[in-house]
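Q: One structure, as structure tokens, below. Some questions next.
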Amino acid sequence: MKGHVNLDELYRQAARVNPRIGYTTVYRTLKLLTECGMAVERKFADGQARYENVDQGEHHDHLICLSCGKILEFTDDRIEKMQEEIAARHHFAIKDHRLEIYGACADCLKKEKNSPSPPLGKGGYRGICR
């Protein structure tokens, strides 16, 4: 599956293909795929474990909407270069990293603009924190 799926979503998809599959089988397979490096577990602000397929050599970062939960992937060579320069300046060898930017997506910003403003939420932004 593409994107960032939780265990329940993956189980429902697998059950459509094979209704006899068990939840435990999906869980164990996902754990094995993660251990083998074919999938990666991510936990964003809501604390729920989501999994994504690992594309060989294709690093990406995430924009996460705190209102609706949408997760957008992006790459930016300037950010990658800057991280390498900072690490080199501090004589630090990067083994892995992730960048997660939390805020509001375009759809939620439109909704906020068209509705009365709720009080500022956790962290100083508007919207529902998940």
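Q: Report the one residue of V26, V5, G37 whose Cα lies farthest in the direction of the positive end of the charge dipole of region 1-56 (charges on C-beta: Lys and Arg +1, Asp and Glu -1; origin at the Cα centre).
A: Value: V26.
Q: Could you size up the charge dipole of the chain around its Cα centre, putting +1 on the beta carbon of Lys and Arg and -1 on that of Asp and Glu, and report it in debye to the nearest 20? Can you show the working numbers first?
A: On the way: 21 positive and 19 negative charges, 133 e Å.
Magnitude of the dipole: close to 640 debye.
Q: In nm, what is the difference between 0.36 nm times the number of residues separating K43 and K111 and their Cα-Cα distance? Intermediate values should be presented prior to the final figure.
A: Working: separation 68, 0.36 × 68 = 24.48 nm, distance 2.60 nm.
21.9 nm is the gain from fully extending K43 to K111.
Q: For the chain, what is the number of Lys pairs with C-alpha distance below 17 angstrom, counting only pairs 8 or more positions apart or on separate chains? Walk me through the intermediate numbers first.
A: Working: K2/K43; K2/K70; K31/K43; K43/K70; K70/K110; K70/K111; K81/K95.
So the count of such lysine pairs works out to 7.
Q: For region 24-88, state which trypsin sites (Lys or Arg not before Pro) are in a DSSP loop and have at most 16 other beta carbons lying within 10 Å of their beta carbon.
A: Working: sites: R28, K31, R42, K43, R50, K70, R78, K81; in loops: K70.
Filter output for region 24-88: K70.
Q: Right, something else. At 10 °C and 1.306 mPa s, what whole-number value in µm²/s does Stokes-Einstein give for the translational diffusion of the chain, with Rh from the Kirkwood sum over Cα pairs? Please report the intermediate quantities before stating the final value.
A: Details: Rh = 17.4 Å.
Roughly 91 µm²/s, to the nearest whole number.
Q: Can you compute the charge dipole magnitude of region 1-70 about its Cα centre, using +1 on each Lys and Arg Cβ and -1 on each Asp and Glu Cβ, nothing else charged? Give it in debye, rounded to the nearest 20.
A: Details: 10 positive and 9 negative charges, 73 e Å.
With Lys and Arg at +1 and Asp and Glu at -1, about 360 debye.
Q: Run the Debye formula on the Cα coordinates of region 11-65, all scatterers equal and no solvent, and tell me log10 I(q)/I(0) at q = 0.16, 0.18, 0.21, 0.32 1/Å.
A: For region 11-65, the Cα-only Debye profile gives -0.62, -0.75, -0.93, -1.21.
Where a number appears in this text, it was derived from the coordinates with a stated rule and is not lab data. The model shown is predicted, which means the values in this text are computed figures rather than measured ones. Every residue, glycine as well, gets a Cβ built from its backbone with ideal geometry; the counts of neighbours run over all protein chains shown.
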